[in-house]
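Step one of this worksheet: look at the structure below.
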Amino acid sequence: MLGSIIAGVRNPLVLTLYALFALTYHAWGFIDNNIQDYSHDVKDSAKAHFPLVTGEIKLKTAVNIVTALFFLTWILGFALCFPASKNITA
């Protein structure tokens, strides 16, 4: 997002898309990391408070959330690839 601001992007919609992309990408990465580390975390007493380990959040629910975030991140990223496509004429 900072790179686009430095490059001169001032369109609020595009900047909002960058912010949403960054947030969803960040959340997707953190949740996926917790899913990938689940088998190790259940054995680590220091991570006994993690929601996946305690069962507060079911593994299937976490997978569904990370899948939704993945697709949302992909859609936002794709939208950012073509912000000016409406100005292109055939």
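The values are calculated or read from the model by the stated rules, or taken from the named source; none is laboratory data. Everything numeric here is computed off the predicted structure, so don't read it as measured data. Using ideal geometry, Cβ is built from the backbone for each residue, glycine included, and neighbour counts are taken over all protein chains shown. Please note that ligands, DNA and RNA were not included when accessible areas were found on the heavy atoms of the full protein model with its side chains. Shrake-Rupley method; radii C 1.70, N 1.55, O 1.52, S 1.80 Å.
On the given criteria, is Leu72 under 22 Å from the mean Cα position of the chain (by Cα) and surrounded by 14 or more Cβ atoms within 10 Å (Cβ to Cβ)? Taking the combined requirement at face value, the residue satisfies it.
Criterion first (open to solvent by 60 Å² or more (accessible area, probe 1.4 Å), assigned to a helix (DSSP H, G or I) and touching a residue at least 60 places away in the same chain (Cβ under 8 Å)) does Tyr25 satisfy it? Against the criterion (open to solvent by 60 Å² or more (accessible area, probe 1.4 Å), assigned to a helix (DSSP H, G or I) and touching a residue at least 60 places away in the same chain (Cβ under 8 Å)), Tyr25 does not qualify.
Selection of the range 54-72 for residues being within 16 Å of Asn33 (Cβ to Cβ) and assigned to a loop (DSSP other than H, G, I, E, B) yields only Ile57. Scanning the range 30-66 for residues that are closer than 30 Å to Met1 by Cα and surrounded by 13 or more Cβ atoms within 10 Å (Cβ to Cβ) yields Ile31, Asp32, Asn34, Ile35, Asp37, Ala62, Val63, Ile65, Val66.
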